[in-house]
Amino acid sequence: MGYIISHYWNELVQGLGYTLLASVIALFFSTIIGTMFAIFEVLPNRLMRVIGRVYIEIFRNIPLLVIAMFFYVIVPLYIAKIDGFTAGTIGLTLYTSSFIAETVRAGIQSVDLGQMEGARANGMTYWQAMSKIVLPQAFKIIIPPMGNQFINLVKNSSVLAFVAGFDLMYQANSIASLSLDTINSYMVVGLFYLVITLPLSYYMRHLEKRLAN
Amino acid sequence: MSMIEFHNVEKYYGDFHALTDVNLTINAGEKVVLIGPSGSGKSTLIRTVNGLERVQSGRLLVDGFDLADRKTDMNKIRKNVGMVFQHFNLYANKTVLENIMLAPRLVLKRPEAENKKLAMDLLDRVGLAEKAASYPRQLSGGQAQRIAIARSLAMKPKCLLFDEPTSALDPEMIDDVLNVMKTVAEDSSMTMLVVTHEMGFAREVADRVVFMADGQILEDDSKETFFDGQPNNERARQFLGKIITH
């Protein structure tokens, strides 16, 4: 393993960088998009609820690899020239956003209805009540499942390997074929994933404890 | 001048007829207590007054706005019509002070210094100034309800609705809440509609007592007629007999 690390250090660091970048971008946008569709799903307006439902069911029920391939193959062919990294990151974002939407929706629905009623009766608009009262409480409740989603996201970013995204998994394949040391190549890359996921899972746990008080 | 007017109001939940041909007028500044057995539609009726429940037909005028009209902006009504709930509904993620200051800041754009001063004055008035920095989960039920009343008052409403404000409280806390409600009632311009089983409060504060059963208003009397005379309606007499002996 030492040989792999020292000999392919630059490739590994580059892979870590791309994996980290894709994860951060996807985490940011999938949280925003997911929250938006979660709100669609609890709106009084039926049309909005249907739109939310359709979006979530589409991206939740199609394999991530298929979604990524769509953006890697079909989108450049007919819509816009995007590289593998962009295609993979968009796919990862949309896929993850559907799971985050489900998580946020569950969080919103676990907040006592009286909170919304109290705020509305107090004169606040639906959006004021949602943003100031309901969502903050919902997010606090869903920190543990959101942590799971974020960790899954980092691991799922390995889909970039299939669309030439230069991420850790992509480097693992390339190092394995160059060095012919398959076992150690993948073990090293596994360790590099832990460098991202372990601090993330520690941080989410810390956040959970801090907000519990 | 009337604050609330129900004209032939009907309300259904699916097949269930929750309000049947409700006609009721409450004048500005009047204090009205609404009583009746559980499931009689009291809560439904009071919740229609600020649009938490929609009515299906008839006319419901509150502060000049028609709530049966889907185009009516509920937020305009709710600015002037506060509500106190059975389970308080304080914002769990906000301190007591923020609970009181939030809506005036967002809805009325009240300047921060003035907002804070008014909030502290209200906390003083309900006897809980020392709880300003506490969170709702740190309060007893009686304290939470007094804060909820202060929160409603901070909007300077013309009308306050109370939906069984003491029903979820331990007996020793009920009086604290009723006393605060009595001080609210001292303001002669404040219209109050109160769903409660506290007959002592009704005797002391109410101008009128309205009795409901099965979604209908069966009795609408002055306090004197209701308590000292005899309600005309048989069910109202029975109901009164039961709660007075308790």
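Being within 11 Å of another protein chain (Cβ to nearest Cβ) and surrounded by fewer than 20 Cβ atoms within 10 Å (Cβ to Cβ) narrows it down to one of B:91, B:135, so name that one.
Working: B:91 fails: surrounded by fewer than 20 Cβ atoms within 10 Å (Cβ to Cβ).
Matching residue, one of B:91, B:135: B:135.
I'm trying to understand the selection: among the residues of the range B:101-114, which are more than 10 Å from every other protein chain (Cβ to nearest Cβ) and touching a residue at least 24 places away in the same chain (Cβ under 8 Å)?
B:101
Residues that are within 18 Å of the chain's Cα centre (by Cα) and open to solvent by 20 Å² or more (accessible area, probe 1.4 Å): does the range B:228-236 have at least one? Quick ask: steps written out before the conclusion?
Step one: filter the range B:228-236 for residues within 18 Å of the chain's Cα centre (by Cα), giving none.
Within the range B:228-236, none of the residues are within 18 Å of the chain's Cα centre (by Cα) and open to solvent by 20 Å² or more (accessible area, probe 1.4 Å).
Name, by its number, the condition in (1) within 14 Å of chain B (Cβ to nearest Cβ); (2) more than 19 Å from residue B:88 (Cα to Cα) that does not hold for residue A:95.
Residue A:95 satisfies all of (1) within 14 Å of chain B (Cβ to nearest Cβ); (2) more than 19 Å from residue B:88 (Cα to Cα) except (1).
Pairs needed: first member in the range B:195-213, open to solvent by 20 Å² or more (accessible area, probe 1.4 Å); second member anywhere, modelled with pLDDT of 95 or more and part of a strand (DSSP E or B); C-beta distance under 7 Å; at least 6 residues apart or different chains.
Sorted first by the residue in the range B:195-213, then by its partner, the pairs are B:205/B:31; B:207/B:31; B:207/B:32; B:208/B:32.
Do you know which residues across the range B:181-235 are of a type in the set (Gly, Ala, Ser) and more than 25 Å from residue B:154 (Cβ to Cβ)? Please lay out each step first, then the result.
Initially, the range B:181-235 is screened for residues of a type in the set (Gly, Ala, Ser), giving B:185, B:188-189, B:200, B:202, B:206, B:213, B:215, B:222, B:229.
B:200, B:202, B:213, B:215, B:222, B:229 - these are the residues of the range B:181-235 that are of a type in the set (Gly, Ala, Ser) and more than 25 Å from residue B:154 (Cβ to Cβ).
Condition check: within 16 Å of the chain's Cα centre (by Cα), of a type in the set (D, E, K, R) and either closer than 29 Å to residue B:73 by Cα or open to solvent by less than 30 Å² (accessible area, probe 1.4 Å) (or both). Does residue B:146 satisfy that? I'd like the intermediate steps shown before the answer.
Values: within 16 Å of the chain's Cα centre (by Cα): yes; of a type in the set (D, E, K, R): yes; either closer than 29 Å to residue B:73 by Cα or open to solvent by less than 30 Å² (accessible area, probe 1.4 Å) (or both): yes.
In short, yes.
Select, from B:98, B:130, the only residue that is open to solvent by 30 Å² or more (accessible area, probe 1.4 Å), of a type in the set (D, E, K, R), in a helix (DSSP H, G or I) and away from chain A (no Cβ under 12 Å).
B:130
Table: residues versus (1) facing chain B (nearest Cβ under 10 Å); (2) open to solvent by 20 Å² or more (accessible area, probe 1.4 Å).
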position	(1), (2)
A:123	yes, no
A:135	yes, yes
A:143	no, no
A:147	no, no
A:151	no, yes
A:154	no, no
A:163	no, no
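The values are calculated or read from the model by the stated rules, or taken from the named source; none is laboratory data. Just so we're clear, the structure is a prediction, and the values are computed from it rather than from any experiment. FYI the Cβ positions are ideal-geometry reconstructions off the backbone, even for glycines, and counts take in every protein chain you see. Ligands, DNA and RNA are excluded from the accessible area calculation, which covers all protein heavy atoms including side chains. Shrake-Rupley method; radii C 1.70, N 1.55, O 1.52, S 1.80 Å.
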